[in-house]
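Here the structure is laid out as structure tokens; the discussion comes afterwards.
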Amino acid sequence: MNPSHDVELGAQLLQRGGLVAFPTETVYGLGADAENVAALARLFAVKRRPETHPLIVHLASREALPRWAARVSAAAWRLAEACWPGPLTLLVDKAPRVPDAATGGLPSVGLRVPAHPVALELLRRFGGGVAAPSANRFGRVSPTRPEHVVADLGDDIDLVLDGGQCTIGLESTILDVRGDVPVLLRPGAVTVEQVQAILGVELGRSSRGDVRAPGMLASHYAPDARVEVVESQLLAASARALSAKGERVALLLCAADEREGLEALPNVTLFDLGATTELAAQRLYACLRAADLAGASVVLASLPVANGLGAALADRLAKAAGPRSPQ
Ligand code: TXA
Ligand code: MG
């Protein structure tokens, strides 16, 4: 299947219960009509995602929020006004129109208005809510280019809309705004610092009990190669040690990383994540895919400084390095 620019066709396919992959500013999503239970069932099947794992519903504008949320707190409104369209998902009590199939039976729903012109055009033409997880098989690396989606899911879905490279490259920030104090469930490009500045409160801590909360499964965002994350000053020594053991190493380098002599190591391929945290976020998933294609047995990266967008980058690297689930 070739990626398409036909947004109207995408909207028609969604209306008919089809599965349409589309670009967002974070990662590509695999969309289905959020109110069509049969389409949602096919979405879970294609992704090989457990049906208890809830989906994010994408909306064309923040004005649609009251139709999809049972209750919108003042904090939720303020965040929607400040950040939408943008890479922020708000977890709210779901309105009756949201089927249990979209939320894995949970009484809450994640809502977001994406900031990509193709996504917004698709949502406007379709008119309803579009449930869309990242357009990859469950637990694997999210797609940031249309060809990633074609390679992963091309045979099983109805259309891939082409929006080029995703500018942010990591999934949206998820905030639970149901309680008095908002709780961060997944760090992303809307940073903790920004949210605290918008609301004027400290964020609460998430309880680690609920495995349905994002990324709390054993392994997520993982390539075939195992992933090791070390302190920056240990990177060169770790690369040498792995190379000496005969591992095929994909070495992900940030601007701050020492690269002296690393090119010359046997079985080590260097991948440049770029000079800024923004570039590293944009390129991370494509580099993890490239490492697999290069036949790497291990991906080695240094731990980013965990503030601002660096917190999201550190989170995804940690998830990629986490223990593998049985599948
Ligand atoms: O940037 C993004 O958010 C992308 C693009 C396509 O919008 N979407 C995305 O979807 O990352 P997905 O399904 O791959 O990740 C959504 C995460 C899941 O880990 C899920 O557990 C969590 O959001 N989530 C969704 N609804 C939830 C709910 N009601 N309660 C707790 N977690 C929820
Ligand atoms: Mg995902």
| Restricting the stretch 22-34 to residues that are outside any loop (DSSP other than H, G, I, E, B) and either free of Cβ contacts under 8 Å to residues at least 24 places away in the same chain or in contact with a Phe, Trp or Tyr (Cβ under 8 Å, 6 or more places away or on another chain) (or both), the residue that is farthest from ligand 2 (Cβ to nearest atom) | Asp33
| note | Counting only residues that are over 20 Å from Glu81 (Cα atoms) and within 11 Å of ligand 1 (Cβ to nearest atom), the stretch 101-129 contains a total of 7
| task | Determine whether Pro96 is surrounded by fewer than 24 Cβ atoms within 10 Å (Cβ to Cβ) and at negative phi. | result | yes
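When you scan the stretch 40-58, how many residues do you find that are in contact (Cβ under 8 Å) with a residue 60 or more places away in the chain and either part of a loop (DSSP other than H, G, I, E, B) or not β-branched (Val, Ile, Thr) (or both)?
Within the stretch 40-58, residues that are in contact (Cβ under 8 Å) with a residue 60 or more places away in the chain and either part of a loop (DSSP other than H, G, I, E, B) or not β-branched (Val, Ile, Thr) (or both) number 12.
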| message | So for the stretch 181-201 (the condition being more than 16 Å from ligand 2 (Cβ to nearest atom), acidic (Asp, Glu) and more than 23 Å from Val27 (Cβ to Cβ)), does at least one residue qualify? | response | no
| query | Yes or no: Val249 touching a Lys or Arg at 6+ places or on another chain (Cβ under 8 Å) and at pLDDT 95 or above? | reply | no
| message | Out of everything in the stretch 260-283 that is touching a residue at least 24 places away in the same chain (Cβ under 8 Å) and among the polar types (S, T, N, Q), what residue ends up being nearest to Arg248 (Cα to Cα)? | response | Asn267
| query | Within the group Arg324, Arg259, which residue is more than 30 Å from Arg48 (Cβ to Cβ), at pLDDT below 95 and among the basic types (Lys, Arg)? | reply | Arg259
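Could you pull out the residue among Leu30, Leu90 that is at pLDDT 95 or above and within 20 Å of Val149 (Cα to Cα)?
Criteria check complete, one pass: Leu30.
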| said: Show the residue pairs meeting these rules: Cβ distance below 8 Å; 6+ apart or different chains; first residue within the stretch 105-134 and in a helix (DSSP H, G or I); second residue of a type in the set (Lys, Arg) and within 16 Å of ligand 2 (Cβ to nearest atom). | reply: none
| task | From Ala101, Ala76, grab the single residue that is at pLDDT 95 or above, in contact with a strand residue (DSSP E or B) (Cβ under 6 Å, 6 or more places away or on another chain), more than 27 Å from Pro223 (Cα to Cα) and not in a strand (DSSP E or B). | result | Ala76
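Matching residues to (1) surrounded by fewer than 18 Cβ atoms within 10 Å (Cβ to Cβ); (2) closer than 24 Å to Leu88 by Cβ:
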residue	(1), (2)
Leu242	no, no
Gly246	yes, no
Asp257	no, no
Gln282	no, yes
Ala294	yes, no
Ala306	yes, yes
Ala312	no, yes
| field | Residue, nearest to Tyr285 (Cα to Cα), within the stretch 24-34, restricted to residues that are under 12 Å from the mean Cα position of the chain (by Cα) and buried (at least 24 other Cβ atoms within 10 Å of the Cβ) | value | Val27
| Residues of the stretch 155-191 satisfying the condition of being acidic (Asp, Glu) and touching a Gly at 6+ places or on another chain (Cβ under 8 Å) | Asp158, Glu171
| query | Under the condition of being more than 20 Å from Phe22 (Cα to Cα) and within 14 Å of ligand 2 (Cβ to nearest atom), which residue from the stretch 35-91 is surrounded by the fewest Cβ atoms within 10 Å (Cβ to Cβ)? | reply | Pro50
| task | Might you let me know whether the stretch 146-165 holds any residue that is under 14 Å from Leu88 (Cα atoms) and charged (D, E, K, R)? | result | no
| message | Could you check the stretch 248-287 and list, in sequence order, the residues that are closer than 20 Å to Asn307 by Cα and among the hydroxyl-bearing types (Ser, Thr, Tyr)? | response | Thr276, Thr277, Tyr285
| field | Tally of residues being more than 16 Å from ligand 2 (Cβ to nearest atom) and crowded, with 19+ Cβ neighbours inside 10 Å across the stretch 129-157 | value | 3
| message | If I ask for residues that are under 13 Å from Leu79 (Cα atoms) and in a loop (DSSP other than H, G, I, E, B), which ones from the stretch 182-202 would you list? | response | Pro182, Val190, Thr191, Gly200, Val201
| request: Can you tell me which residue within the stretch 154-177, out of those that are within 16 Å of the chain's Cα centre (by Cα) and not in a loop (DSSP other than H, G, I, E, B), is farthest from Ser206 (Cα to Cα)? | output: Thr173
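The values are calculated or read from the model by the stated rules, or taken from the named source; none is laboratory data. It should be emphasised that the depicted structure is a prediction, and the values quoted were computed from it without experimental measurement. Neighbour counts run over all protein chains shown; Cβ positions are idealised from the backbone, glycine included.
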